Amino acid sequence: MFWALLLFPIFCFSQNQKNTKLSPSLHINWTQFMSRHDLVSEVLPLQWNEGSFIGNGHLGMMVFATLEDNRIDFHIGKQDVTDHRKAPDKKTSMGVVGATVMYDYSRLDLGRLALRPAGKIISGTMRLDLWNAEIRANIITSLGTISFRAFVPYNDMVQIIEVQSTEKKERIPAPYKWEFLPGYSQSPRVIVKGKPADYIFNPEPKISTQNDTSICVQSLIAGGDYATAWYDKKSKRANTSTLYLSTANEVPASGLSKKVAIQNISKAISKPISRVEKNNRDWWHNFYQQSFVSVPDVQTESFYWIQLYKMGTCSRPDGPAVDLNGPYFRVTQWPGLWWNLNVQLTYWIVYESNHLEMGENFNTLIDNYFDNLCNSIEDTKLGDLAWSLHNYWLQYSYDGNWSAIQEKWAPKAKVLMEKYEKMQVRDSLGRIGLAPMGSPEFQKFAVFPNTNYNLAIMRWLLNTLIETNEKANANKEDVAKWKQMLNDIIPYPIDANGLKIASNQSLDISHRHYSHLLGLYPFFQFNPDNDEDRALLMKSLLHWHKIQNGRGLAGYSYTGAASMYAALGEGNKAYDALKFLFNQKIKMSQLASNTFYTELEGKNPVIETPLSAAASIMEFLMQSWGNKIRIFPAVPESWKEATFSNLRAQGGFLVSAVRANSQTQWVHVKSLAGEPCVIKLLGWDSAYQVSKGAKFKIKALGNNEYSVDLKKGDEIVISNQSKLNQVIINQVNYNLPEQNIYGVKTGKQIPKNQNYIEK
């Protein structure tokens, strides 16, 4: 019986593989390890900002109680449900000249399925089981108890909720009820900002029943419709049932979504639910074990694993690119994809965590819409699209796939470089500058000459185009031109406080966006190992966070600072920035107990900030910029121990390492692509191969750097000791037995509802 699962898990799964000649042995009791990071709500979450969440990359739901209406809400979402007002023959009008995400192709609210108990809700508890990707809850009412389990099978386009109730009235079972509450089918901006004069409302939704299956169909004025269907399969036991729900979006077709949603339910019901459950659990168990991270700080470790889970629920190879909501929709003034930082930060978690499959949909988006985006983007905002191409490049760089970089990335980069050439202006000395362009969000998107944002991006495009074409021995005339151009670009504008916004604009106000610092991170056009660059970068970072006491900073200002300090090897400062995000009040934003992040008094979710924090955590442990793999480059002094397995480095390497007693004990590297391998190991004055089998040449390069002659498929374990008795990865033990720190705790519920007033 599923409600037995409400108890602490009693079955354990471990991966105790026999130590081979080359590979480390991972000794992790995964069930136990992951359970200490479950989001445990000691009291009922009362709004979206506290809810438990599950999804499969297409579909998702946020679960919480709405006590004023005595119901449990399962607020559902599907990432591809958007309007398409300026492209009636397509699913979206993104990239159409004149179309805006605000109204033309905004996300649309599906609605929520409400579980209505017979009695009045008194209290309850809820647990998000990460290992099995399930929500389990007990709801205490005036007439008994309702227990439910909810999950979203990865391989079935349905959402499943199993319910059992003990509610009785005068000793007779009192039935609970399901009710579908359709979402507001207009752009959320209509609620937030009001209706524009030329905005035409979509029709009202229509609810019908077909063979005990209920369906809500939502038509669109641009044509087509989407539909949500649900079927409550009763059990032989009283007050026990399993509800199946599916949303289909076959826009621009009309009349098809209803059929697809019903078919999805029929297909899922035809399978034993035990098989559906097992397939889903197997997928999640395999997903988690693609890499491993453990650090001696329960909050940081839990946050990392929750974000990995979150991204797993949001992204899949055949799914849409992840926008600001993912599959967890709510009314917001930002109902879609944003390109000036948000979508880029969202995907940083996928690369180093060895989950490139979760980044495929972003590259597909760029492949499908690149020409449209190029045609529709304003010249002053060219940097936003060019920055997104950095993520595109990272996907292939971490795979070590230089042929894809040459064949797929380089032609797109060349197009954007040609656009930058049109923005170039020569000064009296013959140096190349840039015409006025934007530096995201600074002074309401005003334009300035020679923005550091665009200078850094243009330099990265040039350097990477040169490197890519020289590797392929291609386009020699272009390479010569790009090298000359690179030589002629003006220096980055600076003043006494470091990097400026632009030639005529200092960073003179507190500003959340780190656009002027992109030359450090993520583009690494500055070299943190260079003393002059390092001094400039440290000065710039300190000024950015210090000016006006940081009153304009947002959550991602702290994840960005954490990553930048980590790149500079400043582990303590990086850790301080990250912990500030976790534990301090940031004026304009909020990190909730379910690890979702919102701005403007909790009203507007922006998914990228917590996801980018997970990338920062990995960068404490390993970095791979500048064609070097850096092991434990920015570990805070308080972390005497840390361990990771199969993190992925640029060039296509899988890397594992263990730190104990404040020293790196050993490192395992496997080459997946045969790229040159250089490893930087702080504190090592020598390096030895301790793995058996084939012997590889290790060359000391100085400055704690070593080159290792690995070909494709080769792997090696190295240590600064000539012999090693064991090469084992265990989880790090905490000094305190603290766990399950996320979820709503007693007395910690948000004191007021932070949603927009919905229509």
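The values are calculated or read from the model by the stated rules, or taken from the named source; none is laboratory data. Please read all numbers here as calculations on a predicted model, not as lab measurements. Heads up, the Cβs are rebuilt from the backbone with ideal geometry, glycines too, and the neighbour counts pull from every protein chain shown.
Some points to look at:
- Residue within the stretch 184-204 that is touching a strand residue (DSSP E or B) at 6+ places or on another chain (Cβ under 6 Å) and assigned to a strand (DSSP E or B) present: no
- Looking at TYR328, TYR309, just one residue is under 17 Å from the mean Cα position of the chain (by Cα), crowded, with 24+ Cβ neighbours inside 10 Å and either part of a helix (DSSP H, G or I) or of a type in the set (Val, Ile, Thr) (or both), and that residue is TYR309.
- For ALA435, the conditions (1) touching a helix residue (DSSP H, G or I) at 6+ places or on another chain (Cβ under 6 Å); (2) buried (at least 18 other Cβ atoms within 10 Å of the Cβ) are fulfilled apart from (2).
- Residues in the stretch 438-458 that are among the basic types (Lys, Arg) and buried (at least 19 other Cβ atoms within 10 Å of the Cβ): there are none.
- Residue list for the stretch 136-156, filter: more than 14 Å from ARG281 (Cβ to Cβ), of a type outside the set (Gly, Ala, Ser) and surrounded by 21 or more Cβ atoms within 10 Å (Cβ to Cβ): ILE139, THR141, ILE146, PHE148
- Positions within the stretch 517-536 being under 19 Å from TRP387 (Cβ atoms) and either of a type in the set (Asp, Glu) or more than 23 Å from the chain's Cα centre (by Cα) (or both), in sequence order: GLN525, PHE526
- Screening the candidates LYS539, LYS585 for the property of being under 23 Å from GLN754 (Cβ atoms), surrounded by fewer than 19 Cβ atoms within 10 Å (Cβ to Cβ) and either touching a strand residue (DSSP E or B) at 6+ places or on another chain (Cβ under 7 Å) or at pLDDT below 95 (or both) yields one hit, LYS585.
- Yes/no for PHE644 being out of contact with any helix residue (DSSP H, G or I) (no Cβ under 6 Å at 6 or more places or on another chain) and buried (at least 22 other Cβ atoms within 10 Å of the Cβ): no
- Meets criteria (in a loop (DSSP other than H, G, I, E, B) and among the hydroxyl-bearing types (Ser, Thr, Tyr)) for TYR706: no
- Subset of the stretch 423-463 [basic (Lys, Arg) and either modelled with pLDDT of 95 or more or in a strand (DSSP E or B) (or both)]: ARG426, ARG431, ARG459
- Residue in the stretch 528-539 that is touching a helix residue (DSSP H, G or I) at 6+ places or on another chain (Cβ under 6 Å) and polar (S, T, N, Q) present: no
- Residues that are part of a loop (DSSP other than H, G, I, E, B), at pLDDT 90 or above and among the charged types (D, E, K, R), drawn from the stretch 709-741: ASP709, LYS711, LYS712, ASP714
- Residues being surrounded by fewer than 18 Cβ atoms within 10 Å (Cβ to Cβ), touching a Leu at 6+ places or on another chain (Cβ under 9 Å) and outside any loop (DSSP other than H, G, I, E, B) - total across the stretch 67-120: 1
- Inter-residue pairs, beta-carbon under 6 Å, first acidic (Asp, Glu) and in the stretch 489-503, second assigned to a loop (DSSP other than H, G, I, E, B) and modelled with pLDDT of 95 or more, 6+ apart: ASP495/SER506
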